[in-house]
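Colleague: The structure is given below, and queries will be raised subsequently.
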Amino acid sequence: VCTSRFWFNYRHVANTLSVYRSVKRLGIPDSHIVLMLADDMACNPRNPKPATVFSHKNMELNVYGDDVEVDYRSYEVTVENFLRVLTGRIPPSTPRSKRLLSDDRSNILIYMTGHGGNGFLKFQDSEEITNVELADAFEQMWQKRRYNELLFIIDTCQGASMYERFYSPNIMALASSQVGEDSLSHQPDLGIGVHLMDRYTFYVLEFLEEIHPASQTNMNDLFQVCPKSLCVSTPGHRTDLFQRDPQNVLITDFFGSVRKVEITTETLSLDRDVAAVESKFPDEELATEPLKYAEQLPVAQIIHQKPKQKDWHPPGGFILGLWALIIMVFFKTYGIKHMKHVF
Amino acid sequence: MAAPLVLVVLAAVTVRAALYRSSLAVFIAERVEVASPLNAWKRVVEGLALLDLGVSPYSGAIFHETPLIIYLFHFLIEYAELVFMITDVLTAVALYLAIQDFNKVVFKKQKLLIELDKYAPDVAELIQTPMEMHYIPLKVALFYLLNPYTVMSCVAKSTCAINNSVIAFFILATIKGSAFLSAVFLALATYQSLYPLTLFAPALLYLLQRQFIPVKLKSKSFWLYTMQYASLYLCSLVVIICLSFFLLNSWDFIPSVYGFILSVPDLTPNIGLFWYFFAEMFEHFSLFFVCVFQINVFFYTIPLAIKLKEHPMFFMFVQLAIISIFKSYPTVGDIALYMAFLPVWSHLYRFLRNIFILSCVLIFCSFLFPVLWHLWIYAGSANSNFYYAITLTFNIGQILLVSDYFYAFLRREYYLTHGLHLTRQDGTEAMLVLK
């Protein structure tokens, strides 16, 4: 997720696209990636090299290309949409590419970058998401069984404040700087005119370029990326909520889609199992014949329904009393002598 | 005089029938100036539908009509348009007969005062003659039936027409002198909407005048008659309320009708003064201000009674106007009723000072109401302040109208007893002012 817009925040888009590239290279398909970019740098009128986003100076590495699928773009990157993606409370009309279709066996990687502060991350220069909201969203995900394990990486100023409030199990978090420190950008490119990457993500990217789907590198190595000498800020991490030892957690558990494939030469006959499943179905529980649709609605009755009779009538006592009063008033004013004319 | 009245009635019925059949009927029925939460037709239909489903209509906050209206419309709901047209016609006929009798009374009183030499010698032009008073009842019926406010109120099928007809019958009974009928109709009017309670004072004063009982606090006959009238009124009110209990076998209607009128919970905009204040107010002040506003309606009765005790009909007119301006949910139907009385005081025309400005204000505001409503609700380019400004201006116009007539009436009375050419002690010309 990249949360900043405007040309001078080029580096956040480059950060996000770099991580996106690495993750795709390691095997995760677009259908399993939700990419949110708050601004379009490749086609920005100020980009001297249109249709490119470079992550290394001297334009060495173009992280944009034909195969970048952005799911939430421009003004769709809001706190509300982000939380809806996480918690799954999405309107039914949302296409599949915009949904997080995870279940309780999924490992999720969340990478966020932008401008942040102590306890918040700024979205689009107009709203922010707080660490409490994020922690609650993760708790919702846990209760709805939307993740097995979650890795949260954030590259902003004072990023460690964002993972302080997590309380759900199986979450590991990394941040580029501690509370009170700023994350710094790596290098400007004089040809493009802006800073191209942030330091932390730059070194994470260098680290990731050496990972391949079969590598056994574990999380402890990721924690060592970008020491203070290179990054100026102190990266932090949080593993107390995670049940496994980080030593045993492979990088490819989160960054790559590594399937355990076993090649076998035996053949399996499936017919036997299907028949076995069918015979388990008890006949007496089935209805003798399925209900026809027409019989479920008493159509004939509805068509020939007479207008409803008025069910309520004023009580007899009331009518009697009222008319007795009216007659009394009438005779009081006009005199009893009229009675013989009435009758 | 019957033939012109029949003609007027026919014209009015035609206008209403034509409007019922046109597409304007739906538009007018939804206007907030014509249909308030107390007397909207939609709510009557809703209440009766709830009753057919077996639920008490007072269980929600929709229905605020009295049980007698339930009884009336239970049988007449298919003929609703006819009922409202007949109600309007009945009101007009009642006002016609009432004003006819009233003119006779006025004329008699004038003759008596001339013979007693109470009038100054040079006021011949101020005295009302039968010639000019001949057409006043017809004008009253005309003013009521063809008033655009009445027509709109009838087309919207607002039960304000029924309230108006009960008050018209009350006025007819009072002028005819029958204390019993007058008390019965006043009880009915109070039962319908709470505010005609204040009409007790002018009716009492009129009946006392008719019986030639002087209004002195020490006089025994005065107190006797007052007690008689008050007990007639209160007994009829109690009887009607107890009878309403037997309609639905519950006292639910009392908080729904009278609690609603007094505590003003529904703040839908209307042409009155309550809604804006209470929409903007903090919760803990609302009780205090509800009390202040409600007292404001009842407050003018005693001072007016003291000032206008010789002229109870004018007092009735002013009191009706005050009720329609300051009541909690006014509609244009209430205004139509007191405007119908304006021809009775047409001899005051030469003393009215602001009549041009007032009529302009009232007409402009009536046209601006739907415009600003549209701007506020549909176009979104105005807000409630605009609509309330027009409401305020409209009510200011009405108040100025009433106070102008009040001034003109008192000025004429003064001239009658003191002569048309007033001079100060040193002989220069003087001018009357209302302080």
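Colleague: Counting only GluC sites (Glu not before Pro) that sit in a DSSP loop (anything but H, G, I, E, B) with at most 12 other Cβ atoms within 10 Å, what is the longest stretch of chain A containing none of them? Please list the in-between numbers first.
Modeller: Working: sites that count: A:GLU60, A:GLU210, A:GLU262, A:GLU266.
Between exposed loop sites, the widest span is A:61-209.
Colleague: Under the definition of Cα pairs under 8 Å and six or more residues apart, what whole-number percent is the relative contact order of segment A:128-232? Each step should come with its number before you reach the end.
Modeller: Values: 134 pairs, mean separation 21.9, N = 105.
RCO, segment A:128-232: 21 percent.
Colleague: Once you measure Cβ to Cβ distances between cysteines in chain A, which Cys have no partner under 4.7 Å?
Modeller: Unpaired cysteines in chain A: A:CYS2, A:CYS43, A:CYS157.
Colleague: Given charges of +1 on the Cβ of Lys and Arg and -1 on the Cβ of Asp and Glu, with all other atoms neutral, how large is the dipole of chain B about its Cα centre, in debye to the nearest 20?
Modeller: On the way: 26 positive and 24 negative charges, 231 e Å.
So the dipole magnitude of chain B works out to roughly 1100 debye.
Colleague: In Å², and per residue, what accessible area does chain A have when probed at 1.4 Å with the other protein chains present? List each step's numbers first, then the result.
Modeller: Working: 19880 Å² over 343 residues.
That works out to 58 Å² per residue.
Colleague: Which residues among segment B:73-87 fall inside the zone where the amide N is under 20 Å from a point 7 Å beyond the Cα of B:ALA49, along Cα→Cβ?
Modeller: Counting only backbone N, you get B:73-81.
Colleague: Moving on to the next point. Could you point to the residue in B:MET339, B:ALA49, B:GLN192 farthest towards the positive end of chain B's charge dipole, with +1 and -1 charges on the Cβ of Lys/Arg and Asp/Glu respectively?
Modeller: B:MET339
Colleague: Just going by the charge dipole of the protein assembly as shown, with Lys and Arg at +1 and Asp and Glu at -1 on Cβ, which of A:LEU86, A:GLY335, A:ASN220 is farthest out on the positive end?
Modeller: It is A:GLY335.
Colleague: Given a Förster distance of 22 Å, report the FRET efficiency between B:ILE127 and B:GLN211 from their Cβ-Cβ distance, rounded to the nearest 0.05. Before the final figure, lay out each step's value.
Modeller: On the way: r = 26 Å, r/R0 = 1.16.
Plugging the Cβ-Cβ distance into 1/(1 + (r/R0)^6) gives 0.30.
Colleague: Return the tail of the calculated pair distribution for segment B:1-418, meaning the percent of Cα-Cα pairs more than 32 Å apart. Working shown, then result.
Modeller: Numbers: 32402 of 87153 pairs.
In whole percent, the share of Cα-Cα pairs in segment B:1-418 beyond 32 Å is 37.
Colleague: Need one number: % antiparallel among DSSP beta bridges in the protein assembly as shown, to the nearest 5.
Modeller: On the way: 15 of 31 bridges.
Around 50 percent antiparallel, to the nearest 5.
Colleague: Normalised by the number of residues in chain B, what is the relative contact order in percent for Cα pairs under 8 Å and 6+ residues apart? Walk me through the numbers before you get to the answer.
Modeller: Values: 504 pairs, mean separation 86.6, N = 435.
Reported as a whole number, the value is 20 percent.
Colleague: Count neighbours as other Cβ atoms within 10 Å of each site's Cβ, and list the trypsin sites (Lys or Arg not before Pro) in segment B:299-374 that are DSSP loop with at most 15 such neighbours. If you can, show how the numbers build up before the last one.
Modeller: Values: sites: B:LYS307, B:LYS309, B:LYS327, B:ARG350, B:ARG353; in loops: B:LYS309, B:LYS327, B:ARG353.
Passing both the DSSP loop test and the Cβ count: B:ARG353.
Colleague: On to the next question. Enumerate by residue number the chymotrypsin sites (Phe, Trp or Tyr not before Pro) in segment B:268-322 meeting two conditions: DSSP loop (anything except H, G, I, E, B), and at most 14 other Cβ atoms within 10 Å of the site's Cβ. All intermediate terms of the calculation are to be shown ahead of the outcome.
Modeller: Numbers: sites: B:PHE274, B:TRP275, B:TYR276, B:PHE277, B:PHE278, B:PHE282, B:PHE285, B:PHE288, B:PHE289, B:PHE293, B:PHE298, B:PHE299, B:TYR300, B:PHE314, B:PHE315, B:PHE317; in loops: B:PHE282, B:TYR300.
Listed in order of number, the matching sites are B:PHE282.
Colleague: Right, here's the next one. Taking chain A as a Gaussian network, Cα atoms linked when under 10 Å apart, which of A:LYS260, A:LYS332, A:LYS49 shows the biggest mean-square fluctuation?
Modeller: With Cα springs under 10 Å in chain A, the top fluctuation among A:LYS260, A:LYS332, A:LYS49 is at A:LYS332.
Colleague: Give, rounded to the nearest 20 debye, the magnitude of the charge dipole that segment B:285-435 has about its Cα centre when Lys and Arg contribute +1 at Cβ and Asp and Glu contribute -1 at Cβ. Please report the intermediate quantities before stating the final value.
Modeller: Values: 9 positive and 6 negative charges, 27 e Å.
Here the size comes out at about 140 debye.
Colleague: Just add up the charged neighbours of B:ALA408: K/R +1, D/E -1, any other residue whose Cβ is under 11 Å from the Cβ of B:ALA408.
Modeller: Values: positive: B:ARG350, B:ARG353, B:ARG411, B:ARG412; negative: B:ASP404, B:GLU413.
Charge balance near B:ALA408 sits at +2.
Colleague: List the residues of segment B:226-246 that lose 50 Å² or more of accessible area once all protein chains are present, compared with their chain alone (1.4 Å probe, heavy atoms only, no ligands or nucleic acids).
Modeller: With the partner chains in place, segment B:226-246 has these residues losing at least 50 Å²: B:LEU243.
Colleague: Next question, about the same structure. Give me the net charge for the shell around A:ILE90: Cβ to Cβ below 14 angstrom, other residues only, Lys and Arg +1, Asp and Glu -1. Present the calculation step by step, with values, prior to reporting the outcome.
Modeller: Values: positive: A:ARG84, A:ARG89, A:ARG96, A:LYS98, A:ARG99, A:LYS144, A:ARG146; negative: A:ASP71, A:GLU76, A:GLU80.
So the surrounding residues net to +4.
Colleague: Another question about this same structure. If the limit is 19 Å between Cα atoms, which of B:LYS176/B:LYS220; B:LYS109/B:LYS176; B:LYS139/B:LYS327; B:LYS108/B:LYS176; A:LYS49/A:LYS98; B:LYS104/B:LYS216 go over it?
Modeller: Working: B:LYS176/B:LYS220 24 Å; B:LYS109/B:LYS176 15 Å; B:LYS139/B:LYS327 27 Å; B:LYS108/B:LYS176 14 Å; A:LYS49/A:LYS98 29 Å; B:LYS104/B:LYS216 26 Å.
From the list (B:LYS176/B:LYS220; B:LYS109/B:LYS176; B:LYS139/B:LYS327; B:LYS108/B:LYS176; A:LYS49/A:LYS98; B:LYS104/B:LYS216), the Cα-Cα distance tops 19 Å for B:LYS176/B:LYS220; B:LYS139/B:LYS327; A:LYS49/A:LYS98; B:LYS104/B:LYS216.
Colleague: Could you tell me the accessible area of B:TRP345 in Å² (1.4 Å probe, neighbours in place), rounded to the nearest ten?
Modeller: Surface open to solvent at B:TRP345 totals about 10 Å².
Colleague: How would you classify segment A:7-255 from its alpha-carbon gyration tensor, with a ≥ b ≥ c the square roots of the eigenvalues: rounded for a/c under 1.5, else prolate if a/b is greater than b/c, otherwise oblate?
Modeller: rounded
Colleague: Can you work out the accessible area per residue across segment B:281-435, with the rest of the protein chains kept in place, probe 1.4 Å, in square angstrom?
Modeller: Working: 7810 Å² over 155 residues.
The answer is 50 Å² per residue.
Colleague: Here is a follow-up. What ³J(HN,Hα) values, in whole Hz, does the Karplus curve 6.51 cos²θ - 1.76 cosθ + 1.60 give for segment A:103-115 when θ = phi - 60°, with x put for Gly and Pro?
Modeller: Going residue by residue, I get 10, 7, 10, 8, 9, 10, 10, 10, 10, 10, 9, x, 9 Hz, with x marking Gly and Pro.
Colleague: Give me Rg over Rh for the protein assembly as shown, both radii from the alpha carbons and Rh done the Kirkwood way, two decimal places.
Modeller: 1.23
Colleague: Apply 1/(1 + (r/R0)^6) to the Cβ-Cβ distance of A:ARG46 and B:ILE363, taking R0 = 56 Å, and write down the FRET efficiency to the nearest 0.05.
Modeller: Values: r = 61 Å, r/R0 = 1.09.
Approximately 0.35, to the nearest 0.05.
Colleague: Then there is this: Set Lys and Arg Cβ to +1 and Asp and Glu Cβ to -1, take the dipole of segment B:98-250 about its Cα centre, and tell me which of B:ILE127, B:MET227, B:ALA156 lies farthest positive.
Modeller: Positive-most Cα among the choices belongs to B:MET227.
Colleague: Could you tell me the total accessible area buried at the A-B interface, probe 1.4 Å, in square angstrom to the nearest hundred? If you can, show how the numbers build up before the last one.
Modeller: Numbers: alone 20690 and 21010 Å², together 40090 Å².
Buried area (both sides, nearest 100 Å²): 1600 Å².
Colleague: Scan segment A:136-201 for chymotrypsin sites (Phe, Trp or Tyr not before Pro) in coil per DSSP, keeping those whose Cβ has at most 15 other Cβ atoms within 10 Å, and list them by number.
Modeller: Numbers: sites: A:PHE138, A:TRP142, A:TYR147, A:PHE152, A:TYR163, A:PHE166, A:TYR167, A:TYR200; in loops: A:TYR147, A:PHE166, A:TYR167.
The qualifying sites are A:TYR167.
Colleague: Evaluate the charge dipole of the protein assembly as shown about its Cα centre and quote only its size in Debye, nearest 20, assuming +1 on the Cβ of each Lys and Arg and -1 on the Cβ of each Asp and Glu. Display every interim value, and only then the final one.
Modeller: Values: 61 positive and 67 negative charges, 1011 e Å.
About 4860 debye.
Colleague: Among the DSSP beta bridges whose two residues both lie in chain A, what percent are antiparallel, rounded to the nearest 5? Could you put the intermediate results ahead of the total?
Modeller: On the way: 14 of 30 bridges.
Counting DSSP beta bridges with both partners in chain A, the antiparallel share is about 45 percent.
Colleague: Which whole-number percent gives the relative contact order of segment B:101-244, counting Cα pairs below 8 Å spaced six or more residues apart?
Modeller: Working: 92 pairs, mean separation 26.9, N = 144.
With pairs under 8 Å counted, the relative contact order is 19 percent.
Colleague: When the accessible area of the protein assembly as shown is split by element with a 1.4 Å probe, what percent falls to carbon and sulfur?
Modeller: Working: 25160 of 40090 Å².
Roughly 63 percent of what the probe reaches on the protein assembly as shown is carbon or sulfur.
Colleague: Normalized C-alpha radius of gyration of segment A:177-227, against 2.2 N^0.38 Å?
Modeller: Working: Rg = 13.7 Å, N = 51, 2.2 N^0.38 = 9.8 Å.
In units of the 2.2 N^0.38 Å rule of thumb, it is 1.40.
The values are calculated or read from the model by the stated rules, or taken from the named source; none is laboratory data. Keep in mind that what you see is a predicted model, and the values were worked out from it rather than measured. Note: ideal-geometry Cβ built from the backbone for every residue, glycine included; neighbour counts use all protein chains shown. Areas reflect the complete protein model, heavy atoms only, side chains present, ligands, DNA and RNA absent. Shrake-Rupley method; radii C 1.70, N 1.55, O 1.52, S 1.80 Å.
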